[in-house]
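Read the structure below first, then the notes.
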Amino acid sequence: MRRTLAAPTTVDAMGISHIALAVKDLDATHRFYTDVMGFDLVKVEIADMRGGKARHAFYSTGSSEDQMIAFWDLRDVPGFGEGYKTDISRDLGLDPFTNHLAFQADSLDDLATKRDRLKDAGLHVVEIDHGWIQSVYAEDPDGNVVEFAIVTEGFTEADAAEALELLTADDPPMSPPPTITFHPAAE
């Protein structure tokens with residue numbers, strides 16, 4: 001039996017304003033996302049949360065001023081202390097790469113530059129060529145997987161039709177395995 005999907009509705013496409021995550025060490029997170037990822041700190045708000053102070057730091061991802069990633073520092077919020085979990089995949093019992101944050105690279109050369117910057121920062125990097133998108137992956141200070149990626153092939157109507165077919169198939173065939181390269185951290 002084939003899966004069925006709800007009929008599509010007409011909705012204007014939209015970008016993402018920001019994704020917000022809790023972190024354990026805002027200083028380490030700040031260094032990682034500015035020095036390694038290349039993002040700019042653009043705003044910090046101090047919020048009253050449960051009678052304590054929470055810091056909410058916003059970083060421009062570089063693609064446009066209004067596309068950001070934000071981080072909550074909850075250490076000074078009663079009831080949280082140091083005990084809250086921040087690894088969005090492992091803490092749910094999932095493989096580390098399942099939930100991840102992917103950011104756009106401008107070109108294949110830019111992707112290689114970002115890969116080298118991650119390695120030079122002492123991180124192990126996984127590079128994957130999926131055939132239609134190329135990506136490099138590493139982990140942030142909280143163990144969350146971050147990705148830089150560039151789409152290398154445009155999407156066609158045939159791609160969309162195949163995607164819908166695979167989405168609704170009861171027993172879809174496996175995709176061809178990607179090419180995976182492991183790059184150890186620079187010494």
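The values are calculated or read from the model by the stated rules, or taken from the named source; none is laboratory data. This is a predicted model, so every value here is computed, not measured. Here the Cβ is made from the backbone with ideal geometry for all residues, glycine too, and neighbour counts use every protein chain on show.
Below, the figures for the structure above:
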{"read-out": "Number of the condition not met by residue 82 [criteria: (1) farther than 30 Å from residue 40 by Cβ; (2) out of contact with any Phe, Trp or Tyr (no Cβ under 8 Å at 6 or more places or on another chain)]", "value": "(1)"}
{"read-out": "Exclusive hit being touching a strand residue (DSSP E or B) at 6+ places or on another chain (Cβ under 7 Å) and in a loop (DSSP other than H, G, I, E, B), set 171, 142", "value": "142"}
{"read-out": "Odd one out for residue 136 among (1) of a type outside the set (Gly, Ala, Ser); (2) loosely packed, with under 13 Cβ neighbours inside 10 Å; (3) within 17 Å of the chain's Cα centre (by Cα)", "value": "(2)"}
{"read-out": "Residue list for region 148-158, filter: surrounded by fewer than 19 Cβ atoms within 10 Å (Cβ to Cβ), in contact (Cβ under 8 Å) with a residue 24 or more places away in the chain and not hydroxyl-bearing (Ser, Thr, Tyr)", "value": "149, 150"}
{"read-out": "Subset of region 71-128 (residues that are within 27 Å of residue 186 (Cβ to Cβ), surrounded by fewer than 17 Cβ atoms within 10 Å (Cβ to Cβ), touching a residue at least 24 places away in the same chain (Cβ under 8 Å) and among the small types (Gly, Ala, Ser))", "value": "89, 102, 107, 121, 122"}
{"read-out": "Of all residues making up region 145-168, the number that are among the β-branched types (Val, Ile, Thr) and part of a loop (DSSP other than H, G, I, E, B)", "value": "2"}
{"read-out": "Residue match in region 63-73 (condition: modelled with pLDDT under 95, at negative phi and among the small types (Gly, Ala, Ser))", "value": "yes"}
{"read-out": "Filtered residues of region 17-45 (kept if exposed (fewer than 15 other Cβ atoms within 10 Å of the Cβ) and touching a Gly at 6+ places or on another chain (Cβ under 8 Å))", "value": "40"}
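So that you can scan it fast, the table gives a plain yes or no per residue for (1) closer than 30 Å to residue 47 by Cα; (2) assigned by TED's automatic domain parsing to the domain that holds residue 54; (3) out of contact with any helix residue (DSSP H, G or I) (no Cβ under 9 Å at 6 or more places or on another chain):
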site: 74; (1), (2), (3): yes, yes, yes
site: 98; (1), (2), (3): no, no, no
site: 106; (1), (2), (3): no, no, yes
site: 112; (1), (2), (3): no, no, yes
site: 119; (1), (2), (3): no, no, yes
